[in-house]
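Step one of this worksheet: look at the structure below.
The values are calculated or read from the model by the stated rules, or taken from the named source; none is laboratory data. Just so it is clear, the model here is predicted, and its values are computed rather than measured. Note: ideal-geometry Cβ built from the backbone for every residue, glycine included; neighbour counts use all protein chains shown.
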Amino acid sequence: MTAEKTDMVLLDPTVEALPDNTNMAPRLDDLNGRVLGLLANGKRNSDTLLDAVTSLLQDTYDVKGVVRLNKRDVSRPAKQEMVDELLEQCDAVITAIGD
């Protein structure tokens, strides 16, 4: 009995590193008077986690408002419309996973 020859495809799941000239957004001094964006990724309990974070932040800061979105699909990036809404309406955004 001889082994049958098969082709193997090797996939590299890594992505390129961020370029050296990539800058982080400047940090806010605090969240007083700011609008906070919350983006859940669609996994179970991501909304629950963001509820707890929101409660803690609202106890600490005078948050002006909260924009809540859920992208509903952990395996896909947020739709551009969601990103645009967060950019237009929020001073800071927190995203969360669940489980």
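Structure values in brief
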| quantity | calculated |
| --- | --- |
| Filtered residue count, the range 28-53, keeping only those that are over 18 Å from Gln89 (Cα atoms) and either modelled with pLDDT of 95 or more or exposed (fewer than 13 other Cβ atoms within 10 Å of the Cβ) (or both) | 4 |
| Hits in the range 54-69 (condition: surrounded by 14 or more Cβ atoms within 10 Å (Cβ to Cβ), part of a strand (DSSP E or B) and over 15 Å from the mean Cα position of the chain (by Cα)) | Val66 |
| Checking Thr14 against (1) more than 23 Å from Glu85 (Cβ to Cβ); (2) within 19 Å of the chain's Cα centre (by Cα); (3) modelled with pLDDT of 80 or more, the condition it does not meet | (2) |
| Residues within the range 70-99 that are surrounded by 15 or more Cβ atoms within 10 Å (Cβ to Cβ), closer than 17 Å to Arg34 by Cα and of a type in the set (A, V, I, L, M, F, W, C), tallied | 5 |
| Filter pass, Asn21 being part of a loop (DSSP other than H, G, I, E, B), of a type in the set (S, T, N, Q) and surrounded by 10 or more Cβ atoms within 10 Å (Cβ to Cβ) | no |
| Positions within the range 28-53 being touching a residue at least 40 places away in the same chain (Cβ under 8 Å), out of contact with any Leu (no Cβ under 6 Å at 6 or more places or on another chain) and not in a loop (DSSP other than H, G, I, E, B), in sequence order | Val35, Leu36, Ser46, Asp47, Thr48, Leu49, Val53 |
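Table: residues versus (1) within 28 Å of Asp99 (Cβ to Cβ); (2) out of contact with any strand residue (DSSP E or B) (no Cβ under 7 Å at 6 or more places or on another chain).
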| site | (1), (2) |
| --- | --- |
| Leu10 | no, yes |
| Thr22 | no, yes |
| Pro26 | no, yes |
| Ala52 | yes, yes |
| Thr60 | yes, yes |
| Lys64 | no, no |
| Lys71 | yes, no |
| Met82 | yes, no |
